[in-house]
1. From the residues in the stretch 203-238 that are hydroxyl-bearing (Ser, Thr, Tyr) and at pLDDT below 90, which one is nearest to residue 21 (Cα to Cα)?
2. Can you name the residue in the stretch 197-219 that is of a type outside the set (Val, Ile, Thr) and out of contact with any helix residue (DSSP H, G or I) (no Cβ under 6 Å at 6 or more places or on another chain) and is also nearest to residue 105 (Cα to Cα) among such residues?
3. Among all residue pairs at least 6 apart or on different chains, which show Cβ distances below 8 Å where the first residue, located in the stretch 93-118, is on the phi < 0 side of the Ramachandran plot and the second is outside any helix (DSSP H, G or I)?
4. Looking at the stretch 102-150 only, could you name the residues that are within 20 Å of residue 39 (Cβ to Cβ), hydrophobic (A, V, I, L, M, F, W, C), buried (at least 18 other Cβ atoms within 10 Å of the Cβ) and over 24 Å from the mean Cα position of the chain (by Cα)?
5. If a residue has to be part of a helix (DSSP H, G or I) and open to solvent by 100 Å² or more (accessible area, probe 1.4 Å) to count, how many in the stretch 178-194 make the cut?
6. Within the stretch 106-113, can one find any residue that is at pLDDT 85 or above, among the β-branched types (Val, Ile, Thr) and closer than 25 Å to residue 233 by Cα?
7. Against the definition (under 25 Å from residue 23 (Cβ atoms), in a helix (DSSP H, G or I), under 16 Å from the mean Cα position of the chain (by Cα) and at pLDDT 90 or above), how does residue 158 come out, yes or no?
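The values are calculated or read from the model by the stated rules, or taken from the named source; none is laboratory data. Quick caveat, the model's predicted, so the values are computed rather than measured. Here the Cβ is made from the backbone with ideal geometry for all residues, glycine too, and neighbour counts use every protein chain on show. Just the protein is used for accessible areas: all its heavy atoms, side chains included, with ligands, DNA and RNA removed. Shrake-Rupley method; radii C 1.70, N 1.55, O 1.52, S 1.80 Å.
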Amino acid sequence: ELLGGGVLDRLASFGRAVALASEICYWSAVGLFDRSRQRPGVVTQQALLLGNNALPIIALLSFIIGFIISLQSGIQLRIYGGDIFLADLLSVTLVREMAPLITAILVAGRSGSAIASEIATMQVSEELDALRMMALSPIRYVVVPKFHAITFVMPILVMFSILFGELGGAVIAFGYLDLSLPTFVSRSLDILTAKDLIITFSKSVVFAWLIVIIGAHYGFQVRGGAEGVGKATTASVVSSIFAVVIADSLFSLLYI
């Protein structure tokens, strides 16, 4: 009975999440043409909060990851005289997997938790009920601006993640493997295809949507006071990271 009840609860929660996702997508499409129910400048404000403030930590971590990947790979490549292939390996690794995945995980931990806690606090303090009393849809008024903003900023964050990861790798390429700048840049660009870039930025948009939808779902489902807000925030981060990893695995099948 305990196992069956848990399964039924999970299925019911998944159904509510799917219904919420459909409603968010609908109001987001409507919001592209009708902004009468949104505060002026709210999308720009959310873009700064979700994107600009997350850039320093993403840039730092991407630089370190690029540095470590290049250091570990460069040691092995140098044994076999394949120094020049470091640029190829680093470029493919960052563009196809590491940059979008690391960016999504950091955004889920930083911005996803903020979305969940904000909506959960509004739910507990009955601000969402007040919006409904004023004939304003909480999804359209609160969630849609975040949805639009993160859709716009996530590909930009991934692009910066790739750039700083390449800079971290360049430190090893120039200082340890003695590669020239023209060689490193040309090899890094030549190995990439349009398909790689399209799938990478498609990944980033899907990851962004998952983070907002899951954060909003747990925010709207919160019950109780401050304890409920904390539980909803924690659950949203864990679920967002899990969903991002699963989605990344499914996307990886498209490369085959």
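1. Looking only at the stretch 203-238, we keep the residues that are hydroxyl-bearing (Ser, Thr, Tyr), and these are 204, 218, 233-234, 236.
From the residues that got through so far, the ones that are at pLDDT below 90 too are 218, 233-234, 236.
Numbers: 218: 12, 233: 18, 234: 20, 236: 15 Å.
By that ranking, first place goes to 218.
2. Looking at residues that are of a type outside the set (Val, Ile, Thr) and out of contact with any helix residue (DSSP H, G or I) (no Cβ under 6 Å at 6 or more places or on another chain), I get 209.
3. 95/192
4. 128
5. From the stretch 178-194, those part of a helix (DSSP H, G or I) are 181-190, 194; that's our starting set.
Subsequent filtering for residues that are open to solvent by 100 Å² or more (accessible area, probe 1.4 Å) retains 181, 189-190.
Number satisfying all stated conditions: 3.
6. There is at least one residue in the stretch 106-113 that is at pLDDT 85 or above, among the β-branched types (Val, Ile, Thr) and closer than 25 Å to residue 233 by Cα.
7. Here the answer is no, as residue 158 does not meet what is asked.
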